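What follows is a single structure, written as structure tokens, with notes after it.
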Amino acid sequence: MSDRPHIAPASRGKDTETRRIALVTGAGSGIGRAVTLALLADGWSVVLAGRQDATLRETRQLAGADDAHTLVHPTDVTDPDSVGALFDAIRERFGRLDLLFNNAGSNAPGVPFEALTLEDWNRVVSVNLTGVFLCAQAAFRMMQAQTPRGGRIINNGSISASAPRPDSAPYTATKHAVTGLTKALSLDGRAYDIAVGQIDIGNAVTAMAARLQSGAKQADGRMVPEPMMDVADVGRSVVFMASLPLDTNIPFLTVMANAMPFIGRG
């Protein structure tokens, strides 16, 4: 057991001084929005980061959250200066960080590998891998220095971190790399009471994944509609992972529609 002081799970209605502080990247839509809503409903204060100020504010409005318990901060996770400014703002506003949900991600057009452009490859690597690195490194530095020390990082790995879809080399490669980074950070974080885990998410109903309901390309080339899950279930899963004390960790959690064609052959 760790000697670190235990921070009780956040609860709705607590003052800002006793609420735990979370940062969600890509909070303006999809999974990031769902996780932000779930954390706010659970009583966390949340920093909403993403490229578009308007969509971040829309997320906050959907939550019915006030300025006291949220911070909207447009951020480019691929830019070290932008990430640095984000963490400076968190430090100034809240004084600490208890949770980073490393969620911001990008994809490339689903084209045959030989048609993939270097520009698309570099763009996906920059967001999905370098962005995760930059935010995690800034979180490590902040969590090491704060009192009480430590915190939790949850990386969005995606089921593509285990099994690829056809024509998805950049996304699949970066998500496999995120798994390696999660393992390395989980080991390195132990000395500082930083727990690092990963959530691998299947088909959730978001604007980005809506096309899968009408048909997704399978390994044999067929287009087949795939089962979906409510994106709110992802939010609940992240809240569960985040609710554990820092001497307990879920290294990897997979959440998916029960009938999704992931486990099995084909």
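Read the figures in this text as sums done on the coordinates, not as results from a lab. Keep in mind that what you see is a predicted model, and the values were worked out from it rather than measured. So basically every Cβ, Gly included, is an ideal-geometry build from the backbone, and we count neighbours across all protein chains shown.
Taking 0.36 nm per residue of sequence separation and subtracting the Cα-Cα distance, how much length would be gained by fully extending the chain between ASP167 and ALA232, in nm to one decimal?
Using 0.36 nm per residue and subtracting the Cα-Cα distance, I get 20.6 nm.
Count the DSSP beta bridges whose two residues both fall in the chain, then state the antiparallel fraction as a percent rounded to the nearest 5. Each step should come with its number before you reach the end.
Working: 2 of 30 bridges.
About 5 percent, rounded to the nearest 5.
Okay, helix-only estimate at 222 nm for the chain: each DSSP H run of n ≥ 4 adds -39500 (n - 2.57), divide by all residues, round to 500 deg cm²/dmol; what do you get?
Here the helix-only value at 222 nm equals -11500 deg cm²/dmol.
Could you give the dipole magnitude of the chain about its Cα centre, charging the beta-carbon of Lys and Arg +1 and that of Asp and Glu -1, in debye to the nearest 20?
Dipole of the chain, to the nearest 20 debye: 400 debye.
Using Cα springs under 10 Å in a Gaussian network model of the chain, which residue among ALA195, ALA63, ALA104 shows the largest mean-square fluctuation?
ALA63
What distance in nm separates the two pseudo spin-label positions at VAL224 and ALA68, each 7 Å out from Cα along the beta-carbon direction?
Modelled inter-label distance: 5.3 nm.
Normalised radius of gyration for the stretch 16-255, please: alpha carbon Rg relative to 2.2 N^0.38 Å, two decimal places.
Normalised Rg, Cα atoms only: 0.98.
Can you compute the FRET efficiency between TRP121 and ALA184 using 1/(1 + (r/R0)^6), with r the Cβ-Cβ distance and R0 = 22 Å? Round to the nearest 0.05. Display every interim value, and only then the final one.
Working: r = 23 Å, r/R0 = 1.03.
About 0.45, to the nearest 0.05.
Please list the helices of the chain that count as membrane-span-like by this rule: a mean Kyte-Doolittle hydropathy of at least -0.5 together with Cα atoms stretching 27 Å or more along the helix axis, each helix being a complete DSSP H run.
For the chain, where a helix must reach 27 Å along its axis and average at least -0.5, the hits are 169-189.
Be a star and scan the stretch 18-36 for residues whose amide nitrogen sits under 20 Å from the point 7 Å along the Cα-to-Cβ vector of SER243.
From the stretch 18-36, the list is 18-24, 32-36.
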